[in-house]
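Reviewing the structure listed below.
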Amino acid sequence: MINYKLLTPGPLTTTESVKKEMLVDHCTWDNDYKQITQNIRKELLKLAHVSEDEYTAVLMQGSGTFGVESVLTSAVGKKGKLLIAANGAYGERMEDIAKHAGLDYKILNFKYNEIPDADIIAKEIESDPAITHVSMVHCETTSGILNDIESVAKKVKLLGRVFIVDAMSSFGGVDIDVSGIGIDFIISSANKCIQGVPGFSFIICKRTELEKCKDNAVSLSLDLYDQWQCMEKDGKWRFTSPTHVVLAFAKALEELSAEGGVSARYARYSNNNDMLIEKMTRLGFETYLDRNQSPIITTFRYPDSADFSFEEMYSFIKERGYAIYPGKVTDADVFRIGNIGEIYAEDIEKLGNIFEEFLKGVK
Ligand SMILES: *Cc1c(COP(=O)(O)O)cnc(C)c1O
């Protein structure tokens, strides 16, 4: 088995100590396990800058998409109408979820290299009184763009609608003042900036809005309200929980705190990202975005050479210890490099040297 580090937006490279937590088979019904779940929920509220009176955290089995699907199908349900602001594949995935669940929805599509405009969103809401919920992505991992959720939240709140944010790839790596901004539901998952392993998503919910989800869900296993009701009693998950993943996540939260919290992690990721862009630009690569770049993941254009092959470059880099990520934007030939997870300045330096070596062979 070759050992390499992941320069992807999740799953990502985790610490040995987080991986070691998974060597224990833990039962799900005893008090110490339930207490671990409760502590995780409390810790997530702290990271979101919210009080336990106003907000609650719900953990949901599955990958990040399961969390988004849980919120949309439980909150919008059969009665509401969702407005989606999309500028990438994850915004578009919300449309896919809405379609599958038969939700009433409308989508506003923005260019992949532009942030959704708060005024355009506000106009759309004003012209359609049926709209009850507005959703968008924070860091659109498709391109690496960081959307302006604050400006959109202001309008959405002014117009009295529910605001849902997919902060999958940013929560824990970029500080988000959830109650200050006015977010009603914010979704992330275990295997992104908290640096756990894949297996569940989590949702920080405004209690008054979560209460309204009772009997509203169109799915059994993704019913956010029922999941909450069960978990809220004593920390028991409604159906079998991913025990190993939960133990690893608890450890990852401890390590986030030991690193100095979200601000320290943001500083490390930002430094990785600055170094990466500086080095790649010096080697002649162009970034896909010219502004609103997040410190999470960067999209680079293919070099202008008939001789270039992404597959060759990918293998060359992987053999030397790093896995990069294919592109996902639809209007350009690009690849992506994530810089979250257990990745440090020395990794970015090594990666830069590997790219330099690879380019020597490209005419
Ligand atoms: C990773 C990610 C998701 C979830 O993807 P899964 O493959 O279901 O974990 C959703 N939205 C964004 C912005 C993401 O980065």
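Each value in this text was obtained by applying a stated rule to the coordinates, not by laboratory testing. Here the structure is a predicted model, which is why all the values come from computation and not from measurement. Cβ sites come from the backbone with ideal geometry, for glycine too, and all protein chains shown count toward neighbours.
Which of the GluC sites (Glu not before Pro) across region 86-147 are loop residues per DSSP, with 15 or fewer other Cβ within 10 Å?
Counting only loop positions with at most 15 other Cβ atoms within 10 Å, the GluC sites (Glu not before Pro) in region 86-147 are E114.
Positive end of the dipole of region 291-353, charges at C-beta (+1 Lys, Arg; -1 Asp, Glu), about the Cα centre: which of Q293, T330, S305 has its Cα farthest in that direction?
Q293
Note down the magnitude of the dipole of the chain about its Cα centre, charges +1 on Lys and Arg C-beta and -1 on Asp and Glu C-beta and zero elsewhere, to the nearest 20 debye.
Values: 41 positive and 54 negative charges, 94 e Å.
In debye, rounded to 20, the chain gives about 460.
What's the local net charge at I297, with K and R +1, D and E -1, over the other residues with C-beta under 13 Å away? Before the final figure, lay out each step's value.
On the way: positive: K192, K328, R336; negative: E140.
Summing Lys and Arg as +1 and Asp and Glu as -1 gives +2.
Before rounding to the nearest 500, sum -39500 (n - 2.57) across all DSSP H runs of length at least 4 in the chain and divide by the residue total; then give [θ] at 222 nm in deg cm²/dmol.
Details: 13 runs with 148 residues, N = 363.
Only helices count here, giving -12500 deg cm²/dmol.
Between E232 and W29, what FRET efficiency comes out of the Förster formula 1/(1 + (r/R0)^6) with R0 = 22 Å and r the beta carbon distance, rounded to 0.05?
On the way: r = 17 Å, r/R0 = 0.75.
FRET efficiency, W29 to E232: 0.85.
Need the C-alpha centroid separation for region 30-64 versus region 304-363, integer Å.
Spelled out, the Cα-based centre of one part sits 37 Å from the other.
Report, in debye and to the nearest 20, how large the dipole of region 76-169 comes out about its Cα centre when Lys and Arg carry +1 and Asp and Glu carry -1 on their Cβ.
Numbers: 12 positive and 14 negative charges, 82 e Å.
For region 76-169, the charge dipole is close to 400 debye.
Once you charge only the Cβ atoms, +1 for Lys and Arg and -1 for Asp and Glu, what is the size of the charge dipole of region 153-213 about its Cα centre, to the nearest 20 debye? List each step's numbers first, then the result.
Details: 8 positive and 6 negative charges, 48 e Å.
It works out to roughly 220 debye.
Taking the chain as a Gaussian network, where each spring joins two C-alpha atoms under 10 Å apart, which residue of E342, E16, E259 fluctuates the most?
For the chain, modelled as a Gaussian network with Cα springs under 10 Å, the answer is E16.
Of L359, L45, how do they rank once you tally other Cβ atoms within 10 Å and put the fewest first?
Values: L359 15, L45 18.
By the 10 Å Cβ count, ascending, the order reads L359, L45.
Mind pulling the angle between the C-alpha long axis of helix 224-234 and the longest principal axis of the chain? Nearest 10 degrees, somewhere in 0 to 90.
It works out to around 80 degrees.
Quick check of the Kirkwood formula: for the chain, what is the inverse mean of 1/r over all pairs of different Cα atoms, in Å?
Values: mean 1/r = 0.0475 Å⁻¹.
Here the Kirkwood hydrodynamic radius works out to 21.0 Å.
Which percent of the Cα-Cα distances in region 43-155 go past 16 Å?
Distances greater than 16 Å cover 63 percent of the Cα pairs.
Once both axes come from the Cα atoms, what is the angle between helix 89-101 and the longest principal axis of the chain, in degrees from 0 to 90, rounded to 10?
The answer is roughly 40 degrees.
Which is farthest toward the positive dipole end of the chain among N272, F239, T56, measuring Cα position about the Cα centre, with Cβ charges +1 (Lys, Arg) and -1 (Asp, Glu)?
After comparing all options, I get F239.
First check a/c for region 1-96, with a ≥ b ≥ c the square roots of the eigenvalues of its C-alpha gyration tensor; if it is under 1.5, answer rounded, and if not, answer prolate when a/b is larger than b/c or oblate otherwise.
Values: a/c = 2.11, a/b = 1.25, b/c = 1.69.
Cα axes put region 1-96 in the oblate bin.
Which of the trypsin sites (Lys or Arg not before Pro) found in region 1-105 are loop residues per DSSP with 15 or fewer other Cβ atoms within 10 Å of their Cβ? Each step should come with its number before you reach the end.
Values: sites: K5, K19, K20, K34, R41, K42, K46, K78, K79, K81, R93, K99; in loops: K78, K79.
Qualifying residues, ordered by number: K78, K79.
Once you list every other residue whose beta carbon is under 11 Å from the beta carbon of G64, what net charge do they have if Lys and Arg are +1 and Asp and Glu are -1? Before the final figure, lay out each step's value.
Values: positive: R93, K192; negative: E69, D166.
It works out to a net charge of 0.
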